[in-house]
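Here is the structure we will look at, set down as structure tokens.
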Amino acid sequence: MFSFLQSKKSLLQRGYFQDYTDYHCHLLYGVDDGSESWDKTEAMLQTCESLGFGKVWFTPHIMEDFPNTTDHLRQRFAELRAAYKGSLQLHLAAEYMICPVLAERIRNNDLLTLGEKGMHVLVETSYYDAPLHMDQTLDLLRSNGYIPIMAHPERSEYMTMQMMESMRSRGIKFQLDLFSVCGAYSPSSRMRAEKYLKAGYYDLVGTDTHSNRFLQCFAKASVSNKLFNLLPPQPQLL
């Protein structure tokens, strides 16, 4: 694991993380399978600062296994903001599993969104099978004025180029997991990530960080010059 650490020129050396905005991470403590405590969150935020990050969007899971309520996440985020003394700009959104929980939240207008105007919703699916009613749920988001962002599609075994093309034609955006191109996941995930990058499918990049151990790996992690030049520029999400 982490054989990619032996690469010659790191993303940090390239200056990739200078003023970087992480649109996907699990640093909000005690709410999902990410950070377990404020101390661990604080250590991860310090690592983000040392790498050069400028903004961090907390995107805790919301799904049947983690049925976090909006009020609870906002309260925990407020506690974190009060305790944090660093330089990062912190924001709260969520990562929604496409399942009945999400459909209910959409109908109740009860979503934690990405972007300055709250137009974008980060969603995910199982890595193995497309969920039932996926297209209907994505269309429900769009019909309610939101722009869905599909998290790390390269890690979903069922995803095809044809599915990506169909979603893009309907205004759905895609977020690359930076670890996928660094080789921390399966070879098939890396292969799909490279293929989707070459096709220009990605709109933004996130780390999907769950622990400081992974986050610290970015100090050495690298990608080839060719793939580095294909990484999408930092967007300003509305």
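The values are calculated or read from the model by the stated rules, or taken from the named source; none is laboratory data. In this text the structure is predicted, and so the values were computed from the model without any measurement. Note that each Cβ is placed from the backbone with ideal geometry, even for glycine, and that neighbours are counted across all protein chains shown. Just so you know, the surface numbers come from the protein's heavy atoms only, side chains and all, with ligands and any DNA or RNA stripped out. Shrake-Rupley method; radii C 1.70, N 1.55, O 1.52, S 1.80 Å.
Figures for the structure shown
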{"read-out": "Some residue of the range 153-165 being acidic (Asp, Glu), closer than 30 Å to Ala103 by Cβ and in a loop (DSSP other than H, G, I, E, B)", "value": "yes"}
{"read-out": "Only one of Ala221, Ala193, Ala199 that is of a type in the set (Gly, Ala, Ser) and in contact with a Gly (Cβ under 9 Å, 6 or more places away or on another chain)", "value": "Ala221"}
{"read-out": "Verdict on Ser169 being among the polar types (S, T, N, Q) and either open to solvent by 50 Å² or more (accessible area, probe 1.4 Å) or more than 21 Å from Trp57 (Cα to Cα) (or both)", "value": "yes"}
{"read-out": "Residue that is nearest to His24 (Cα to Cα), among those in the range 86-109 that are assigned to a loop (DSSP other than H, G, I, E, B) and open to solvent by 50 Å² or more (accessible area, probe 1.4 Å)", "value": "Ser87"}
{"read-out": "Failed item in (1) open to solvent by 40 Å² or more (accessible area, probe 1.4 Å); (2) closer than 20 Å to Gln175 by Cβ, with Asp65 passing the rest", "value": "(2)"}
{"read-out": "Selection count where residues are of a type in the set (Ser, Thr, Tyr), assigned to a loop (DSSP other than H, G, I, E, B) and touching a helix residue (DSSP H, G or I) at 6+ places or on another chain (Cβ under 6 Å), scope the range 110-152", "value": "1"}
{"read-out": "Scope the range 194-226; condition open to solvent by 30 Å² or more (accessible area, probe 1.4 Å) and of a type in the set (Ser, Thr, Tyr); matching residues", "value": "Ser211, Ser224"}
{"read-out": "Residue check, Ser180 small (Gly, Ala, Ser), in contact with a helix residue (DSSP H, G or I) (Cβ under 6 Å, 6 or more places away or on another chain) and either touching a residue at least 12 places away in the same chain (Cβ under 8 Å) or not in a loop (DSSP other than H, G, I, E, B) (or both)", "value": "yes"}
{"read-out": "Among residues of the range 29-75, those that are without any contact (Cβ under 8 Å) to a residue 60 or more places away in the chain, over 21 Å from Lys85 (Cβ atoms) and part of a loop (DSSP other than H, G, I, E, B), counted", "value": "10"}
{"read-out": "Complete set of residues in the range 204-238 that are more than 20 Å from Glu194 (Cα to Cα), polar (S, T, N, Q), modelled with pLDDT of 90 or more and part of a loop (DSSP other than H, G, I, E, B)", "value": "Ser211"}
